[in-house]
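A short reminder: the numbers here are calculations on the coordinates, not readings from a lab. These numbers were taken from a predicted model, which means no experiment stands behind them. Virtual Cβ from ideal backbone geometry, glycine too; neighbours counted across all protein chains shown.
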Amino acid sequence: MYESGFFAPWAQLVTGALTGLVFGFLLQKARVTRPDVIVRQFLLKDFTVLKVMISAVVVGAVGIYAMLALGWIDGLQVKNAALLGNAVGGAIFGVGMAVLGLCPGTGLAAIGDGQRDAIPGVLGMLTGGYLYALAHPWLTEALVKPLDLGKATLATQTHLSPWWFIVGLAVLAGAGFFALERWESTRSPRSA
Amino acid sequence: MRNPFRTSAWPPYAVGAAIGVLSWITFGLMDKALGTSTSIVNAAGVIVGAVAPEHVKANAYLAKHVVKSPPFDWQTALDLALVAGAALAGWLAIKPGERSRVEHVPSEWAARFGPSRGLRYAGAFVGGLILIFGARLAGGCTSGHGISGGLQLALSSWTFIVALFGAGIASAFLIYRTGRRAPVVGASGGL
């Protein structure tokens, strides 16, 4: 059954495990292992999720594009812009995430953080993975192939330097979060 | 200053920045992008394959994940270690005399659907099922698209992020704000 073996080379398993250990630690420290925090993000009552995500994206982007410019990495690992699939899949994902209050990464971390309902949540994910495999041929024809722009980024698509987007995003995020922090402190003076 | 590993929560910006730095390491040293949901399919394929191997071999999508490449890979190790990493973070922050955190029914859910654990577990199962279906259709989840793809400025990922938040906000308001009941006190503690 396992034509390429069951386990990847051990070095990959060790580096994967170390990455997961740090990632899980960080997710718990941000409290996004709690469904309430994620649901309240969607209810626009708690902006922890956006603060974590946007900070990660800005810091990550600066480093990755700098490494790319310096030739430290060979290329990017961009997924195909199959825009219909990305959009419909993203919307379905959003509905599921609002119901569960967790996503795959935070769901697994939540199990470690004592979130018991994350266990049936992850069992649901396994079931969903199998059901998707059954529907994959049909969905690929219907939603993935029709509008596939390939490995496009915002930079390649607009023929602009990626730094316009990175700096723009950083400025926008900085200003947005500054305003958000002020608004949050006037709304509930005692919250941290 | 208190030992940061023993404080219960870190500022979200600091955590985000650290995840960004983690992505430098996975890209630069491991030639990998942070992601979590592909290996959920690997695991599903292994489980189904234990019962019906021929069925898994015959399904091109499952075979790609399980038969043609090792199902227990970098990301599978990452996924399993997520549980341990979060457990470690929670355990280190326990103060003397406190017990580790356990929650069965989140308060937002309990305020809308009541304190029943069975109902919440069923809801969580359905939510998990829906979201992985969407993740696989979109080609990634909050990690693979939201963080790794977002930071690479991928068009696919920014499309995913906008759709995710649009649908998430709309469905959260529909699910949690309509016909809202009085908050249930201590819902996570009861049977």
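Among B:126, A:171, B:162, A:32, the ranking by other beta carbons within 10 Å of each residue's beta carbon, starting with the fewest, stands as A:171, B:162, B:126, A:32. Scalar couplings 3J(HN,Hα) for the range A:85-90, obtained by applying the Karplus form with A = 6.51, B = -1.76, C = 1.60 to θ = phi - 60°, are x, 4, 6, 5, x, x Hz; x denotes Gly and Pro. Amide hydrogen proximity for residue B:37: with H placed 1.01 Å from N in the peptide plane, the residues at 5 or more positions away or on another chain lying under 5 Å are B:141, B:144. Between the listed residues B:166, B:47, B:75, the Cα displaced farthest toward the positive end of the dipole of chain B, a dipole computed from Cβ unit charges relative to the Cα centre, is found at B:166.
If you look at the Cα atoms of chain A, you get an Rg and a Dmax of 19.5, 60 Å.
Note on A:42-49: average number of Cβ atoms from other chains within 10 Å of each residue's Cβ is 5.
From the largest down, the range A:78-152 spans 42, 26, 19 angstrom on the principal axes of its Cα atoms. Note on B:171, B:148: ascending count of other Cβ atoms within 10 Å places them as B:171, B:148, the fewest first.
Backbone amide hydrogens, once placed in the peptide plane, bring residue A:153 within less than 5 Å of B:155, excluding anything fewer than 5 places away on its chain. Ordered by the count of other Cβ atoms within 10 Å of each Cβ, fewest first, A:145, B:64 give A:145, B:64.
Rounded to the nearest 0.05, the FRET efficiency derived from the C-beta distance between residue A:70 and residue B:31 at R0 = 22 Å is 0.90.
Ordered from longest to shortest, the equivalent ellipsoid semi-axes for the range B:8-95 are 33, 17, 9 Å, each the square root of 5 times a Cα gyration tensor eigenvalue.
Couplings for the range A:101-114, taken from phi via the Karplus curve 6.51 cos²θ - 1.76 cosθ + 1.60 with θ = phi - 60°, read x, 8, 10, x, x, 5, x, 5, 4, 4, 4, x, 8, x Hz in order; Gly and Pro are left as x. Dipole check for the protein assembly as shown: with +1 at the C-beta of Lys and Arg, -1 at the C-beta of Asp and Glu, and the Cα centre as origin, the magnitude is about 1100 Debye. Annotation: amide H-H contacts under 5 Å for residue A:82 (H modelled 1.01 Å from N, sequence separation of 5 or more, or interchain): A:149.
Taken one residue at a time, the phi angles of the range B:2-10 give Karplus couplings (6.51, -1.76, 1.60, θ = phi - 60°) of 6, 4, x, 6, 9, 7, 6, 8, 10 Hz. Gly and Pro are set to x. Taking only alpha carbon atoms, the protein assembly as shown gives an Rg to Rh ratio of 0.95, where Rh is the Kirkwood radius. Normalised by residue number, the volume inside the convex hull of the Cα atoms of the range B:58-108 is 137 Å³ per residue. With the convex hull of the Cα atoms taken as the outline of the range A:16-122, the averaged projected area works out to 8.1 nm².
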